[in-house]
1. Hey, can you rank 42-54, 78-90 by average C-beta count inside 10 Å, highest first?
2. Relative contact order for region 23-114: what is it in percent, counting Cα pairs under 8 Å that are at least 6 residues apart?
3. Considering only the chain, what is the antiparallel percent among its DSSP beta bridges, to the nearest 5?
4. Among residues other than Q80 whose Cβ falls under 14 Å from its Cβ, what is the net charge (Lys/Arg +1, Asp/Glu -1)?
5. Which order do S22, S32 fall in if you start with the one that has the fewest other Cβ atoms within 10 Å?
6. Distance between Cα centroids, region 66-80 to region 94-133: provide it in whole Å.
7. With label points built 7 Å along Cα→Cβ from the Cα atoms of A61 and D124, find their separation and express it in nm.
8. When the label point is put 7 Å from the Cα of D100 along its Cα-to-beta-carbon vector, which residues of region 16-36 have a backbone N closer than 20 Å?
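Each reported figure results from applying straightforward, stated rules to the coordinates on display, with no laboratory input. Since this is a predicted model, take the numbers as computed values, not measurements. No Cβ is skipped: glycine too gets one built from the backbone with ideal geometry, and neighbour counts run over all protein chains shown.
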Amino acid sequence: MSEAKLTGGCLCGAVRYETTGSPAWAGHCHCSLCRRSSGAAYVSWFVVPSATFKFTQGQSALYASSERARRGHCAICGTQLVFLSNRRPENTAITIASLDHPGAVQAKEHIFWDDRVPSLSETDDLPKRAQRT
């Protein structure tokens, strides 16, 4: 994962972002909050320093999905874009699928694997952890 400008946005185009931060982490999260907030079996994220991330058009609407974090989404189309941890405000997690070129960031592991949808069995060789440290 090299340092380069990564751009992306929501389905309807109302919200756009960019980051020049090198992803510090990238993976697939299977926790129940990610599943419920997306309606999918898991959400793929990458993490950059918050200082390198900015919205270039519009803003995300924020929802406190737990006491520990807020999730940002487009208020028009609902696309989930960011995850902001209260414990790690120096980091911003961004959904890989919202990138203009999602192949630019490769997930390196599965987290909260024990919380996965029971019928899901991944065939990739990525590590599968019970939780994220």
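1. Going from most to least packed, we get 42-54, 78-90.
2. 35
3. Beta bridges within the chain, antiparallel portion: roughly 90 percent.
4. Details: positive: R35, R36, R70, R71; negative: none.
Around Q80, the surrounding residues sum to +4.
5. Values: S22 14, S32 11.
Ordered by Cβ neighbours within 10 Å, fewest first: S32, S22.
6. With region 66-80 and region 94-133 each reduced to a Cα centre, they are spaced 19 Å.
7. Each label point is offset 7 Å from its Cα along the Cβ direction, giving 3.0 nm.
8. Hits in region 16-36 for D100 at 20 Å: 16-23.
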